[in-house]
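> The following block contains the structure, expressed as structure tokens.
The values are calculated or read from the model by the stated rules, or taken from the named source; none is laboratory data. These numbers were taken from a predicted model, which means no experiment stands behind them. Here the Cβ positions follow ideal geometry from the backbone for every residue, glycine too, while neighbour counts run over all protein chains shown. Note: areas computed on protein heavy atoms with side chains; ligands, DNA, RNA excluded. Shrake-Rupley method; radii C 1.70, N 1.55, O 1.52, S 1.80 Å.
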Amino acid sequence: MDREQFRKAGYAAVDRICDYFENLESYDVVPRVQPGDVAKLIADEAPEQGEPWEQISQDFDRVILPGITHWQHPNFFAYFPANTTFECILADMYAGAVSNPGFNWLCSPACTELESKATDWVAKLIGLDQSWCNEGKVGGGVITGSASESCLTVCIAARERYLRLHPGTPASELVIVATTQTHSLAAKAALILGLDFVAIETKKEDDWALRGQGLREALEGLEAKGKKPFVLITTLGSTSTGAIDRIDEITAVTADYPSLFLHIDAAWGGVFLALPECQQEAFLASINARAPARADEGAICAGGEVHSFCTNLHKSGLVTFDASCMWIRDRALLTTALDVTPPFLRTPQAQAGLVTDYRNMGLALGRRFRSLKVWFALRSFGVSGFRKHLRHLISLAETFESALFSPSTGVPGVVLFAPRRFSLVVFRVVSTSSTLSGLAYENALNAAVVELANRDPSLMVTPTTVGGESCVRIAIGSPYTQEKHVLELVEKIRGLVDQAREQVDAAQQQQ
Ligand SMILES: *Cc1c(COP(=O)(O)O)cnc(C)c1O
């Protein structure tokens, strides 16, 4: 393709993308394909001779779109949102034009300096104080591809920190600590690092949040077994129910465990800190609080404070996948653990301490130019537009919640499983039968609702099981979802719950 062909093809692609959004609602949310259907339409090898662009671009419609699950669809309520915006689609085009691995300051000063500024912008947007910002020169942010990558990266920094404080600790004693509600990213980090993993049970009466007492007991138990918990992965907005660990109580406990590094995984929930009305329930004051410096620790930051924080802008934060922002209070913890600088990567600017070399703050050498889309989106929406989007999502969830549970017109026999968190509503179908009841019966009802829902390609929802109880999760987050969609959803749920009761009751009576 030459430049003039690109010009034409580019205009056509933008037209095609606009058509996609114009017709978004006409697509099924979940494609009607069976495993292997898409692969069958794709050649087994790259063609020997190049093909005309016309044919290639048509195959996006013929091969790809029929196999796409439409995360932007207004009736997508599964997993978590994956916002995309036109600003970011354009940013990705520009980033593609200057395709740039950005690992050193010198290999593109703009990539590095924009990333430092963009992560500072986001930190300020969500209420993280100066100590998290690059401009303070001690803390700072990086943009990675995923919360999982961010978690693994901080675990490496935390391990290095622990070993500096306690040289010679055998790897077999080191433990990564999380809870049963922590995303699998913590267990995965342990797996990758070859370390032990412990998940603390959380309780229904605490809305599935980790509390200080539970943490203290778990840490004491581990110490009694000679284990060395070196990092604690807490959650602000858990995947299952949106649970927020009690950061206020947790930091009071970790003050007694200065070697324990404290990370907050706020992959989905973190962006809601941009709303002043959400900051208290998310313990922003405790996230920002500093522990008094301890003389015995030197430059390594103290216990009793949060050391790192991660949120994904590519969920509800108006930035096209992928943009996971991770901040650390002490950047040196990352660079000490991850700086491998062979002579050919040395630059006079870095040697002089004038610049950030992002390759020393993450796993990869080369990295995508993600800050461009963050910058474009935040400038175009502004802080007020960003907040408006989040408030809209919350108000949709409130509308859904009050319609679903309305005493007069709601769906009978459904209960809220955990308090609504931001734009996530988790409910459970319970028995309304005079003869059938019990955990297994009610779990079967909930499983049936999700299964029946997912036979209907016009919507997508996902289940969860917490403390042995199966539930239905409604995660609202597409910028295209409007009030009518969540009200229609309530009606669909009404039908699905009726069907599920009939189906499960009939099966039980046969037994
Ligand atoms: C979505 C989510 C994750 C996973 O995020 P990735 O960026 O895909 O690794 C982890 N934790 C929580 C709480 C999430 O909501």
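> Go through segment 376-389 and count every residue that is buried (at least 20 other Cβ atoms within 10 Å of the Cβ) and under 13 Å from Leu90 (Cα atoms).
The total comes to 2.
> Checking His307 against (1) away from the ligand (no atom under 14 Å from the Cβ); (2) farther than 27 Å from Asp120 by Cα; (3) in contact with a strand residue (DSSP E or B) (Cβ under 8 Å, 6 or more places away or on another chain), only one condition comes out false. Which one?
That leaves (2) as the condition not met.
> Which of the strands (runs of 3 or more DSSP E) found entirely inside segment 185-270 contain at least 2 residues meeting this: without any contact (Cβ under 8 Å) to a residue 40 or more places away in the chain and open to solvent by less than 50 Å² (accessible area, probe 1.4 Å)?
Correct list: 196-200.
> When you scan segment 135-150, how many residues do you find that are part of a helix (DSSP H, G or I) and either within 16 Å of the ligand (Cβ to nearest atom) or open to solvent by less than 10 Å² (accessible area, probe 1.4 Å) (or both)? Reasoning before the result, please.
Within segment 135-150, the first condition is being part of a helix (DSSP H, G or I), and the residues that meet it are 135-136, 147-150.
Next cut, either within 16 Å of the ligand (Cβ to nearest atom) or open to solvent by less than 10 Å² (accessible area, probe 1.4 Å) (or both) only: 147-150.
The number of residues fulfilling the criteria is 4.
> Scan segment 370-388 and tell me whether some residue there is touching a strand residue (DSSP E or B) at 6+ places or on another chain (Cβ under 8 Å) and of a type in the set (Lys, Arg).
Scanning segment 370-388, I find at least one residue that is touching a strand residue (DSSP E or B) at 6+ places or on another chain (Cβ under 8 Å) and of a type in the set (Lys, Arg), so the answer is yes.
> Among the residues of segment 456-481, count how many are part of a loop (DSSP other than H, G, I, E, B) and either open to solvent by less than 10 Å² (accessible area, probe 1.4 Å) or acidic (Asp, Glu) (or both). Before the answer, list the steps.
Initially, segment 456-481 is screened for residues part of a loop (DSSP other than H, G, I, E, B), giving 456-459, 461, 467-468, 476-481.
Next, from what is left, pick out any that are either open to solvent by less than 10 Å² (accessible area, probe 1.4 Å) or acidic (Asp, Glu) (or both): 456, 459, 461, 476-478, 481.
Total satisfying the criteria: 7.
> May I ask you to list the residues in segment 402-455 that are assigned to a loop (DSSP other than H, G, I, E, B) and among the charged types (D, E, K, R)? Write out each step before concluding.
Here is the first cut: in segment 402-455, the residues assigned to a loop (DSSP other than H, G, I, E, B) are 405-413, 417-420, 422-423, 430-438, 454-455.
Passing the criteria: Arg420, Arg455.
> Please indicate, with yes or no, whether at least one residue in segment 302-324 is among the aliphatic types (A, V, I, L, M) and at pLDDT below 75. Give the derivation first.
Restricting attention to segment 302-324, the residues satisfying the condition of being among the aliphatic types (A, V, I, L, M) are 302, 306, 313, 318-319, 323.
In the following step, the residues that additionally are at pLDDT below 75 were identified as 302.
So far as segment 302-324 goes, yes, one or more of its residues are among the aliphatic types (A, V, I, L, M) and at pLDDT below 75.
> Another one. Restricted to segment 171-184, and to residues that are surrounded by fewer than 22 Cβ atoms within 10 Å (Cβ to Cβ) and in contact (Cβ under 8 Å) with a residue 40 or more places away in the chain, which residue is nearest to the ligand (Cβ to nearest atom)?
Restricting to residues being surrounded by fewer than 22 Cβ atoms within 10 Å (Cβ to Cβ) and in contact (Cβ under 8 Å) with a residue 40 or more places away in the chain, the top hit is His183.
> Further, regarding this structure: Can you name the condition, by its number, that Thr341 falls short on among (1) in contact (Cβ under 8 Å) with a residue 24 or more places away in the chain; (2) open to solvent by less than 60 Å² (accessible area, probe 1.4 Å); (3) farther than 29 Å from Ala291 by Cβ?
(1)
> If you don't mind, there's one more thing I want to ask. If I ask for residues that are open to solvent by 50 Å² or more (accessible area, probe 1.4 Å) and either farther than 19 Å from Phe283 by Cβ or part of a loop (DSSP other than H, G, I, E, B) (or both), which ones from segment 122-134 would you list?
Once the filter is applied, which keeps residues that are open to solvent by 50 Å² or more (accessible area, probe 1.4 Å) and either farther than 19 Å from Phe283 by Cβ or part of a loop (DSSP other than H, G, I, E, B) (or both), segment 122-134 yields only Asp129.
> In segment 245-278, which residues are more than 16 Å from the ligand (Cβ to nearest atom) and either assigned by TED's automatic domain parsing to the domain that holds Leu390 or small (Gly, Ala, Ser) (or both)?
Answer for segment 245-278, where residues must be more than 16 Å from the ligand (Cβ to nearest atom) and either assigned by TED's automatic domain parsing to the domain that holds Leu390 or small (Gly, Ala, Ser) (or both): Ala252, Ala255, Ser259, Ala274.
> Report the residue count in segment 344-363 for those that are closer than 24 Å to Val271 by Cβ and surrounded by fewer than 18 Cβ atoms within 10 Å (Cβ to Cβ).
The number of residues fulfilling the criteria is 1.
> Between Gly353, Gly317, Gly362, which is out of contact with any Cys (no Cβ under 9 Å at 6 or more places or on another chain) and farther than 13 Å from Val142 by Cα?
Gly353
> Follow-up question, since we're still on this one. Would you pick out the residues in segment 480-511 that are closer than 18 Å to Glu398 by Cβ and out of contact with any Phe, Trp or Tyr (no Cβ under 7 Å at 6 or more places or on another chain)?
Those that are closer than 18 Å to Glu398 by Cβ and out of contact with any Phe, Trp or Tyr (no Cβ under 7 Å at 6 or more places or on another chain): Thr481, Gln482, Glu483, Lys484, His485, Leu487, Glu488, Glu491, Ile493.
> Same structure, new question: Take the residues of segment 271-298 that are part of a loop (DSSP other than H, G, I, E, B), modelled with pLDDT under 95 and not small (Gly, Ala, Ser): which is surrounded by the fewest Cβ atoms within 10 Å (Cβ to Cβ)?
Across segment 271-298, the extreme among qualifying residues is Pro292.
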